[in-house]
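**Student:** Just dropping this structure here.
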Amino acid sequence: MISALTGELFRVDEDRVQVKVGPIRYELLVPAADVPLLQTGVGEEMTFHTIFYLEGDASGGNIEPRLIGFLRPEDKAFFLLFITVKGIGPKKALRALVLPVGEIAQAIESKDAKFLVELPQIGKRMAELIVAELAGKVEEFAVPTGRGRVGAVGGRRSPAEDDAIAALMALGERRTDAEHLLDRAKHVNANLRTATEFINEMLRMRTVRA
């Protein structure tokens, strides 16, 4: 069982990445929400928390092994719960997860089916089924809007800021250093709002620092 891979992020495609570990290059399917973050990290050493599964029809002899990779272990844990819902397989789940897990989990805990319908691959009946089966089970992953970790410069971290910190940590930064980069980025540019904007500015500062 491969539970995690650490190696050089070699390539990022629409729904998958290639990670070079020694002489071996692994292909990992990734959640849609992580692709913009990963595109900024090509060439960096990264750790992916992985799930192995078999895709295809066993009766037809057409089975392919697949690896799914997550930047955060909590995203992997949420995914394993998400695919327990009838009708949601691994590939469908990966395409549906276009937003941070914390926001989706919060919608489930709030029983907000209308929010879930906006996700790709999720219709009205599926959204209602997700709420019925998972509400009360994903509270630990939920990140209410406007409530995050306390920031070093006062106030609380937004979900986008938490995602930016997690992305830099996945690229090898210590939490304290990632938080410092975020605070510097906010000080330099007060107009940053999305996780991608924060990450791009933090990576720019990290390059200057190096």
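**Student:** For segment 163-193, enumerate the residues that are surrounded by fewer than 19 Cβ atoms within 10 Å (Cβ to Cβ) and within 14 Å of the chain's Cα centre (by Cα).
**Tutor:** 169
**Student:** Need pairs with beta-carbon distance below 8 Å; first residue free of Cβ contacts under 8 Å to residues at least 24 places away in the same chain and within segment 25-46, second surrounded by 19 or more Cβ atoms within 10 Å (Cβ to Cβ) and in a strand (DSSP E or B); sequence gap 6+ or separate chains.
**Tutor:** Listed pairs, sorted by first residue: 25/19; 35/12.
**Student:** Is there any pair linking a residue in segment 115-133 that is under 17 Å from residue 81 (Cβ atoms) and in the same structural domain as residue 82 (by TED's automatic domain parsing) to one that is part of a helix (DSSP H, G or I) and polar (S, T, N, Q), with Cβ under 7 Å and at least six apart or on different chains, and which?
**Tutor:** Sorted first by the residue in segment 115-133, then by its partner, the list stays empty.
**Student:** Same structure again: Here's a check for you: in segment 179-194, which residue that is among the aliphatic types (A, V, I, L, M) and at pLDDT below 85 is nearest to residue 143 (Cα to Cα)?
**Tutor:** Step one: filter segment 179-194 for residues among the aliphatic types (A, V, I, L, M), giving 181-182, 185, 188, 190, 192.
Right, trim to at pLDDT below 85 and you get 188, 190.
Working: 188: 26, 190: 22 Å.
Looking at residues that are among the aliphatic types (A, V, I, L, M) and at pLDDT below 85, I get 190.
**Student:** State all residues of segment 21-42 that are surrounded by 15 or more Cβ atoms within 10 Å (Cβ to Cβ) and either under 17 Å from residue 92 (Cα atoms) or modelled with pLDDT of 90 or more (or both); if no residue qualifies, say none.
**Tutor:** First, pick out the residues of segment 21-42 that are surrounded by 15 or more Cβ atoms within 10 Å (Cβ to Cβ): 26, 28-38, 40-41.
If the condition is that a residue be surrounded by 15 or more Cβ atoms within 10 Å (Cβ to Cβ) and either under 17 Å from residue 92 (Cα atoms) or modelled with pLDDT of 90 or more (or both), then 26, 28, 29, 30, 31, 32, 33, 34, 35 are the ones that fit.
**Student:** Still on this structure, I have one more. Determine whether segment 13-31 contains at least one residue that is of a type in the set (Gly, Ala, Ser) and over 18 Å from the mean Cα position of the chain (by Cα). Explain how you work it out, then say what you get.
**Tutor:** Residues of segment 13-31 that are of a type in the set (Gly, Ala, Ser), as a first pass: 22.
Still in the running and over 18 Å from the mean Cα position of the chain (by Cα): 22.
There is at least one residue in segment 13-31 that is of a type in the set (Gly, Ala, Ser) and over 18 Å from the mean Cα position of the chain (by Cα).
**Student:** Same structure, new question: Against the condition in contact with a Pro (Cβ under 7 Å, 6 or more places away or on another chain), of a type in the set (A, V, I, L, M, F, W, C) and assigned by TED's automatic domain parsing to the domain that holds residue 129, how does residue 108 come out, does it pass?
**Tutor:** no
**Student:** Another question, if that's okay. Residues being acidic (Asp, Glu) and at pLDDT below 90: count how many of those fall in segment 75-104. Walk me through it before giving the result.
**Tutor:** Let us first name the residues in segment 75-104 that are acidic (Asp, Glu), namely 75, 103.
Pick out the ones that are also at pLDDT below 90 and you get 103.
Final tally of qualifying residues: 1.
**Student:** Further question: Taking the condition touching a helix residue (DSSP H, G or I) at 6+ places or on another chain (Cβ under 6 Å), buried (at least 17 other Cβ atoms within 10 Å of the Cβ) and either in a helix (DSSP H, G or I) or modelled with pLDDT under 95 (or both), does residue 108 pass?
**Tutor:** On the way: touching a helix residue (DSSP H, G or I) at 6+ places or on another chain (Cβ under 6 Å): yes; buried (at least 17 other Cβ atoms within 10 Å of the Cβ): yes; either in a helix (DSSP H, G or I) or modelled with pLDDT under 95 (or both): yes.
Yes.
**Student:** Please find, within segment 43-54, the residue that is farthest from residue 167 (Cα to Cα) out of those that are surrounded by fewer than 18 Cβ atoms within 10 Å (Cβ to Cβ) and in contact with an Asp or Glu (Cβ under 9 Å, 6 or more places away or on another chain).
**Tutor:** At the first step, the residues of segment 43-54 found to be surrounded by fewer than 18 Cβ atoms within 10 Å (Cβ to Cβ) are 43-45, 52-54.
Pick out the ones that are also in contact with an Asp or Glu (Cβ under 9 Å, 6 or more places away or on another chain) and you get 43-45, 54.
Values: 43: 15, 44: 12, 45: 12, 54: 28 Å.
Residue satisfying both the conditions and the ranking: 54.
**Student:** Hey, another quick one. Out of curiosity, is residue 197 part of a helix (DSSP H, G or I), at pLDDT 85 or above, surrounded by fewer than 19 Cβ atoms within 10 Å (Cβ to Cβ) and not small (Gly, Ala, Ser)?
**Tutor:** Details: part of a helix (DSSP H, G or I): yes; at pLDDT 85 or above: yes; surrounded by fewer than 19 Cβ atoms within 10 Å (Cβ to Cβ): yes; not small (Gly, Ala, Ser): yes.
Yes: the conditions hold for residue 197.
**Student:** Now for a separate question. Applying the selection to segment 158-194, what residues are part of a helix (DSSP H, G or I), within 23 Å of residue 35 (Cα to Cα) and of a type in the set (A, V, I, L, M, F, W, C)?
**Tutor:** 160, 164, 165, 166, 167, 168, 169, 170, 178, 181, 182, 185
The values are calculated or read from the model by the stated rules, or taken from the named source; none is laboratory data. Keep in mind that what you see is a predicted model, and the values were worked out from it rather than measured. We place every Cβ from the backbone using ideal geometry, glycine too, and count neighbours over all the protein chains shown.
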